[in-house]
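See structure below.
The values are calculated or read from the model by the stated rules, or taken from the named source; none is laboratory data. Predicted model, so just to flag it, every value in this text is computed and none were measured. Cβ sites come from the backbone with ideal geometry, for glycine too, and all protein chains shown count toward neighbours. Just the protein is used for accessible areas: all its heavy atoms, side chains included, with ligands, DNA and RNA removed. Shrake-Rupley method; radii C 1.70, N 1.55, O 1.52, S 1.80 Å.
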Amino acid sequence: MIIKNLLTGSSMSLEQPYNVALLSKIGVDENFQNQVYVESGHDSFGFGLDGYMYFYELKEFLKHIENQRNAFHFEYMMLSRLKEDCEYFLGYGNRCENRLWAGNVESQIAEMKRIWNLFPEGLKPQWITWDEILRYERRMKVS
């Protein structure tokens, strides 16, 4: 991907893994107040407008691209969806099982456990632990 400092006209190629500190070579760092232009070959996903981004947008954009390339991207999203279903079930969903992705509590929890176990150590999600899944299971099975 090519990053261009619109203030100076300097540009550089940035390769994965993206190290934004390298952009200091073209005068772009945390203190840079202007926009850069990004030629990435990727949809900008709402970051910036037509490739024009501020530094904070560029950092979020690069993080988003790296997350998309994560081998477990879908599994993280699915586990998050299942977790949100559990929260809804226990709250405004009034314990209605047909609001769960899996259709019932047992299958919902089983799918959460299956997905969580797919992640290797070091890549387990930090936003939900095995113990939290077990807590959902206990809370959701209580009638």
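By how many degrees, between 0 and 90 and to the nearest 10, does the Cα long axis of helix 130-141 differ from the longest principal axis of the chain? Taking Cα atoms only, the helix is inclined about 40 degrees.
The helix-based estimate of mean residue ellipticity at 222 nm for the chain, built from -39,500 (n - 2.57) per DSSP H run of four or more residues and divided by its residue count, is -13000 deg cm²/dmol to the nearest 500. Computed from the C-beta positions of residue 2 and residue 107 and an R0 of 35 Å, the FRET efficiency is 0.15 to the nearest 0.05.
Pulled fully out, how much extra length does the chain show between residue 10 and residue 24, if you take 0.36 nm times their separation in residues and subtract their Cα-Cα distance? Kindly include the intermediate steps, with their values, before the conclusion.
Details: separation 14, 0.36 × 14 = 5.04 nm, distance 1.09 nm.
Extra length from residue 10 to residue 24 when fully extended: 4.0 nm.
Within the accessible surface of the chain, defined with a 1.4 Å probe on protein heavy atoms only, the carbon and sulfur portion equals 49 percent.
Specify whether the C-alpha gyration tensor of the chain places it in the rounded, prolate or oblate class, a ≥ b ≥ c being the square roots of the eigenvalues: rounded for a/c under 1.5, otherwise prolate if a/b is larger than b/c and oblate if not. Prolate. Average accessible surface for segment 54-114: 59 Å² per residue, computed with a 1.4 Å probe over protein heavy atoms with every protein chain in place. Listed by chain and number, the lysines placed with their C-alpha closer than 18 angstrom to that of residue 4 are 25, 59; residues fewer than eight positions away on the same chain are left out. Counting only residues at least eight positions apart within a chain, or on another chain, the lysines with an alpha carbon under 25 Å from that of residue 83 are 63, 113, 124, 141.
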